[in-house]
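Participant: The structure that follows is given in the form of structure tokens.
What follows is calculated from the coordinates using simple rules that are stated; it is not laboratory data. This structure is a prediction, so every number in the text was calculated from the model and none was measured. As a convention, Cβ positions derive from the backbone with ideal geometry for all residues, glycine included, and neighbour counts pool all protein chains shown.
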Amino acid sequence: MSNACLFSGGKDSTLALHKAVSSGMTVDLLITMLPESRDSYMFHYPNLKFTKLQAEALGIRQVFAMTKGIKEEELKDLEEVLAENKVKGLVTGATYSTYQLNRIKVISERLGIDNFSPLWHIEPMSELKELAETFDAIITSVSAEGFDKSYLGAKIDENMIAKLLRLNQKYNINMLFEGGEAESFVLDAPLFKKRIKINKSSVEWQGTRGLYQIEEAELAAK
């Protein structure tokens, strides 16, 4: 039986893992879902293969599970991997999406899994300030009005928080990106034994949305 974290490598799942471990929970498995499309309703899409480096930096075993990313059907893929790995406790990075949390809870109840979502309804500025102070996280995808190409690959720091506040005031974006406005990737965190160094990357811009693609990366000393 395992305590697992539903892990995308983004800011929310990594921070949720940090809070779970800080509370005394032993997490011995990372579960990373691999959707075929970036339009998945449940799971992140960009740079997932580089979560292997994060898992190595954390020293936690990781399993991958493929999913076509089709609405509702992708939940069956998640349930299957949870059952296969005999998960007894599941950490998620849900913050405000009742769609995601409710579906994970239904699966957890069916399998007898305890669900732990330490970021649920966290105050956005509280999370962003903690990230800026103790994490090294970058934006890897943008898909909402107000964002432009300059956000891709940018670090979530005090300057970015100010930009997100302005976007929130003007366009009413969710500052934690729970509405799909953006996605992120963590390069360093308190639990990481090493940091991730990006050696090569590229930006794909499609007029109204874009991706920051990590092409080459390695672990480096902190």
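Participant: Under 24 Å between C-alpha atoms is the cut-off here; go through segment 124-220 and count lysine pairs that meet it, provided they're at least eight residues apart or on different chains.
Facilitator: Lysine pairs meeting the criterion: 17.
Participant: Follow-up. Would you mind calculating the relative contact order of the chain from Cα pairs under 8 angstrom and at least 6 residues apart, reporting the percent as a whole number? Can you show the working numbers first?
Facilitator: Details: 432 pairs, mean separation 47.9, N = 222.
Over the chain, the number comes to 22 percent.
Participant: Run through the DSSP bridge list for segment 63-185 and note the antiparallel percent, rounded to the nearest 5. Could the numbers behind the result be given before it?
Facilitator: Working: 5 of 8 bridges.
Counting only bridges with both partners in segment 63-185, antiparallel ones make up about 60 percent.
Participant: Which of rounded, prolate, oblate describes segment 2-116, given a ≥ b ≥ c as roots of the alpha-carbon gyration tensor eigenvalues and a/c under 1.5 marking rounded, otherwise prolate only if a/b is larger than b/c?
Facilitator: On the way: a/c = 1.43, a/b = 1.12, b/c = 1.28.
Rounded, because the longest to shortest axis ratio a/c is under 1.5.
Participant: Which one, ASN168, SER184, MET25, projects farthest toward the positive side of the charge dipole computed for the chain from Cβ point charges (K/R +1, D/E -1)?
Facilitator: MET25
Participant: Using modelled backbone amide H atoms (1.01 Å from N, in-plane), which distant-in-sequence or interchain residues come within less than 5 Å of ASN115's amide H?
Facilitator: LEU90
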